[in-house]
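Report on the following structure.
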Amino acid sequence: MPSRSWPDIVVSGIGVTSAIGQGKVAFTAALLEGRHRFDVMRRPGRQRPLPVNGEGTPEEPAAAFLGAEIASVSMPGSVSRSLLRTASFSAQVALATLYEAWHDAKLDAIDPERIGLIVGGSNFQQRELVQVHDAYRHREAFLRPTYGMSFMDSDLCGLCTQAFGIRGFAYTVGGASASGQVVVLQAIQAVQSGQVDACIAIGALMDISYWECQGFRSLGAMGSDRYAKDPASACRPFDRDRDGFIFGESCGVVVIQRADSVSMTEIRPYALLAGWAMGMDGNRNPDPSLEGEVGAITAALQRAGLSAKDIDYVNPHGTGSTMGDITELEAIRRCGLDHAHLNATKSVIGHGLSAAGAVELIAILLQMQEGWLHPSRNLEQPIEPGLNWVRDQAVPHRIENALNLSMGFGGVNTAVCLRKC
Amino acid sequence: MSETKVSKEEILEIIVRHTREVVPELEAHEFRPDDSLKALGANSVDRADIIMMTLESLVLNIPLVAMAKAENISELAEIIHAKS
């Protein structure tokens, strides 16, 4: 292994909330069983309103979009009810998820001025905003004053730092669907540079409204109504019959620390963050780039001092998009990763958009801990059958070195290598 | 505003109802007319929300700045009543 000039960086705590469960125990159990919650989305503000005729009678049923929604969120008692009153759904889920990660990493033991927080994602409270706009249209004078601060994504920074007493820095970063991984990279740099001793990276829950659903669908990114009568079959990354991503609500929180700052008697780190990379395609559009993906993988492996043969598991971006899935598998092949085990976390939990990169990194850590790889749902006819897929049943496997990939609209490519420690 | 003017006492009740909603910790508090929202723990944003929710309930569009001088909920109800 080549010597490195930077300190070892580890994940010291995690928190996760998704449609398949809140907390790492429930999440792991559901993930390994391939238990899903895909259905017609029912959260208010996610159905296109009924078109009406001249007499005000609905002309056709409301447009329904498929996805996986969180049934309920258990809030920690330590977060005051008055703080929760004006917290958006994204913010509430972030607070609950951060609570788990905070205690997992035992952050109470760290000087609050040496703790930083970064929120990954942008424009992630859209459904909440649409609901406010609809409620106060034509009576704007009565808009609640709190809207003036809560509409900003950075409100999450204020809420989380107040609720947990964080006194380092806090800000948001965006990288479209790669935001969850971009925020982890940013947190690594904050810890590596010595800016803080512990940095919390939140992959925020992207709370989309029917406007974003319609936009994604029109763009051809979100799955069509092909599986409207069979929601369980709609989310099928890497399968021949896929036709777009299926949304899934989720939030992931990762605590990053230098290995030498973690008290090993108190905490057993989940994994070493061995290498990482981010590169842009120089392309504003949603189309993927083979060169961009290969570049990110190659750079992350190089930074980790690993070769492709060292990687025994890949957690791909795998959204179920027509071109994205093909390009990603080609990149995996071109990088010499054909041998590595491969599954699709989004097939179980859906696409969390801004949260995806963080939640999928957590999925790797939990599989590493369990010694099992979760199944890939609906992978009936893989577009690349020769790869080492985990199909419809979990398989035992002890991950030593894993690779996690994320991509985002606008030409974002990120890759992270994790090593068991 | 409706044709029948709402009484100051009714406005006070509306203020108390919204205060309990905005500051849930005051659910069991026995409100008195000389209670100050600030002293009860409502911060400036909470107070602005409470006043706006009260005005919304009364369908009364008056600038929030007009309420700035109120020292307690009774004075607040009085100002709103005078402008209704």
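Can you give the FRET efficiency for A:ARG334 and A:GLU33, using 1/(1 + (r/R0)^6), R0 = 35 Å, r = Cβ-Cβ distance, to the nearest 0.05?
Here the calculated transfer efficiency is 0.55.
Express the relative contact order of chain A as a whole percentage, based on alpha carbon pairs under 8 Å and six or more residues apart in sequence.
23
Quote the charge dipole size of the protein assembly as shown about the Cα centre in Debye, to the nearest 20; the model charges only the Cβ of Lys and Arg (+1) and of Asp and Glu (-1).
600
Using helices alone, what [θ] at 222 nm do you get for chain B, with -39,500 (n - 2.57) per DSSP H run of 4 or more residues, divided over all residues and rounded to the nearest 500?
Helix-only estimate at 222 nm: -15500 deg cm²/dmol.
Determine the gain in length on full extension of the stretch B:SER7-B:ASN43; use 0.36 nm per residue of separation and subtract their C-alpha separation, reporting nm with one decimal.
10.3 nm
From the phi of every residue in the range B:77-82, what ³J(HN,Hα) in whole Hz does the Karplus formula 6.51 cos²θ - 1.76 cosθ + 1.60 yield, where θ is phi - 60° and glycine or proline is x?
Whole-Hz 3J(HN,Hα) from phi for the range B:77-82: 4, 5, 4, 5, 4, 5.
Using helices alone, what [θ] at 222 nm do you get for chain A, with -39,500 (n - 2.57) per DSSP H run of 4 or more residues, divided over all residues and rounded to the nearest 500?
-9000 deg cm²/dmol
State, to one decimal in nm, how far the label point of A:ARG48 lies from the label point of A:TYR136, with both points 7 Å from Cα in the Cβ direction.
Taking the two extended label points, one gets 2.8 nm.
Run the reach check for A:LYS346 against aspartates and glutamates, Cα to Cα strictly under 16 Å, same-chain hits fewer than 8 apart removed. What comes back?
A:GLU33, A:ASP39, A:GLU69, A:ASP239, A:ASP241, A:ASP243, A:GLU249, A:ASP325, A:GLU328, A:GLU360, A:GLU380, A:ASP392
Quantify how strongly other chains surround peptide A:147-153 by giving the mean number of their Cβ atoms within 10 Å of each of its Cβ atoms.
Mean partner-chain Cβ count within 10 Å for A:147-153: 1.
Which FRET efficiency value, to the nearest 0.05, is calculated for A:TYR171 and A:MET280 with the Förster distance at 30 angstrom and r the Cβ-Cβ distance?
Once rounded, the FRET efficiency stands at 0.90.
Given +1 on the Cβ of Lys and Arg, -1 on the Cβ of Asp and Glu, and no further charges, what dipole in debye does the range A:271-419 carry about its Cα centre, rounded to the nearest 20?
Dipole about the Cα centre, nearest 20: 280 debye.
Treating only the Cβ of Lys, Arg, Asp and Glu as charged (+1, +1, -1, -1), what charge dipole size does the range B:1-82 show about its Cα centre? Round to the nearest 20 debye.
With only Lys, Arg, Asp and Glu charged at Cβ, the dipole is about 220 debye.
Could you tell me the relative contact order of the range A:271-419? Use alpha-carbon pairs under 8 Å, at least six residues apart, and round to a whole percent.
That works out to 39 percent.
Give the cross-link partners of A:LYS309 among the lysines, using a straight C-alpha distance below 20 Å as the criterion and excluding same-chain residues fewer than 8 apart.
Here the lysines satisfying the reach criterion relative to A:LYS309 are A:LYS420.
Hey, got the average number of other protein chain Cβ atoms within 10 angstrom for residues in A:76-89?
2
Once the other residues with Cβ under 11 Å from the Cβ of A:HIS36 are scored (Lys, Arg +1; Asp, Glu -1), what is the net sum?
Surrounding charge for A:HIS36 is +2.
When you count, for each residue, the other Cβ atoms within 10 Å and take the mean per peptide, how do A:164-174, A:316-326, A:9-19 rank with the highest first?
A:9-19, A:316-326, A:164-174
I want to check the label-to-label distance for A:LEU84 and A:SER307. Put each point 7 Å from Cα in the C-beta direction and report it in nm to one decimal.
Taking the simple label geometry, A:LEU84 and A:SER307 are separated by 5.4 nm.
Bear in mind that the values in this text are calculations on the coordinates, not laboratory data. As the structure is a prediction and not an experimental result, all values here were calculated from the model. Note that we place each Cβ from the backbone using ideal geometry, even for glycine, and neighbour counts take in every protein chain shown.
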